[in-house]
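Laboratory data are not the source of any read-out in this text; all were calculated from the coordinates shown. Bear in mind that the values here come from a model prediction, so they are computed numbers and not experimental data. A quick note on method: Cβ atoms are made from the backbone with ideal geometry, for glycine too, and the neighbour counts reach across all protein chains shown.
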């Protein structure tokens, strides 16, 4: 642990030094905020150098700039670190040789497990697929149309030759999360696992569309923190409760009102709308956009921000 | 279990009846096909493995049924799915209630067509130090050079993320494998060639993962390297620690490894001959090519 702390110190200092000593015009124009209270929780050595995984104690910072600029900034930050760490440079050299990079670590409840890197990386897969692997996180009340929009989005992307995959919260409960109940802790674990799987899919180069209520900001932010900046696209389907209840496509609101379902989001349990998400799909008054219209809004966002090309 | 088996039997029977009568829609004895309408309810648990198996039979046995494939539990077929609406069906499963199965018009076949490959799981099993990770990387590189999309699920890497809450207790080891099996199923469903690399010493656990996938989508590869060779290599220094008593329950030392009875591929190291990782990867590639996995 002492060793880990010692390692973190240079990284931490390096980031701030980079910001202060290098008055980057990009940073200035973007108004990039200074980072505080950041834990450096993982170093992944790959063919493209160091990727520093930051877990902010405060809320994740959602930059408005596009992915390429964001990536550029990240590269700038990490150069000083790379230059100073001989062992890391050596690791990168080993990586290029195509050998396994392994690093012993203790994490979670496990000990003596190794991180394995492989020469075929996310960028290679993205190049193959001609798209950016990312997670489109659809959040909204039950009955707001998450699954319908997810399907429309998937269809639209497929027609453009893009590979996408839907992780539907309910479907996942049939498989990976069949051991989880609807207790509060299990609900959080359900979201955590889906977030981890979504990260794997994005790493595979897939456009992963998650569709689950995920009512708490804390859980959504934890999932966002798993991914690189720009790889998590939160879409809030803003449909009023009374409209969702009137629809009641699964008959759940009726059951909840009758007291047969406890802790139902919107009835007994709260839904926390996103404070700042990438996209809001709003139903204004009696206007009712079609699922494909809303899907096209998301598609436009993806196109404008370069997700549909490698 | 007896009841489930009976249902599986009935489904299997119904599948064949369907083929004989040339009906586009499969009837299930004892099961209501309520998935065809939105929001209808059924209290029956979906029978995953057998129905997938049945779907495979229909695909193989009767080309005329292609337009009416049974892809998901309870006979929800492609024709209905193509309407673009969500098909939903209430069910109780595991520890959850009131959850629905959602169907979507873009299916695995569509994704495979897009990628020009068959989504499947290549499950590498073998002792620590047998070369699973090295082979996985060589395989990934080779497939990538052929323009195929692969993804490696390394048992150790997954413990950093999805399975960070699991320890090395016996129950947690099984849960570790179960979750990796479920994720590999999802990746295969996405059209990806998923390469799972973990010791998975018990046949029961490997068979449970195989049962998650349709027939032919699970390719078990046994890397047959003797224990003494693995221990001599000891790339992670774990055998040394285990021999010193610092690691308990280490596979091959304290805990047993159960070699597969019938797996698709055995990569054997004979005597002192040592095949290179790319040679062993080519054996797997040949298998994939011969069995049509590298074309849609």
Length gained if residue A:127 through residue A:160 is fully extended, taking 0.36 nm per residue and subtracting the Cα-Cα distance, is 10.3 nm
Per its Cα gyration tensor (rounded if a/c is under 1.5, else prolate when a/b beats b/c, else oblate), the stretch A:126-303 is best filed as oblate
Checking rank on A:293-302, A:135-144, A:219-228, with mean other Cβ inside 10 Å and highest first, the result is A:135-144, A:219-228, A:293-302
Quick calc: nm separation of the 7 Å Cα→Cβ label points for residue B:268 and residue A:181 -> 5.1
Of A:155-165, B:246-256, ordering from highest average Cβ density within 10 Å down gives A:155-165, B:246-256
Shielding of B:105-112 by other chains, given as the mean Cβ count within 10 Å, works out to 4
Partner shielding of B:139-151, taken as the mean number of other chain Cβ atoms within 10 Å, equals 4
Fewest-first ordering of B:209, A:151, B:137 by Cβ atoms within 10 Å yields B:209, B:137, A:151
Rounded to 0.05, the calculated FRET efficiency for the beta carbons of residue A:268 and residue B:261 at R₀ = 51 Å is 0.50
Per the Kirkwood formula over distinct C-alpha pairs, the hydrodynamic radius of the stretch B:107-291 in angstrom is 16.9
With label points set 7 Å from each Cα along the Cα-to-Cβ direction at residue A:303 and residue B:145, the distance between them in nm comes to 3.8
Computed from the beta carbon distance with a Förster radius of 51 Å, FRET efficiency for residue A:254 and residue B:211 to the nearest 0.05 stands at 0.90
Rounded to the angstrom and largest first, Cα extents along the principal axes for the stretch B:230-296 equal 49, 24, 22
Length gained, residue A:222-residue A:290, 0.36 nm per residue minus C-alpha separation, equals 21.4 nm
Counting other chain Cβ atoms within 10 Å of each Cβ in A:162-172 and taking the mean gives 6
A chain fully extended from residue B:291 to residue B:243 at 0.36 nm per residue, minus the present Cα-Cα distance, gains in nm 13.0 nm
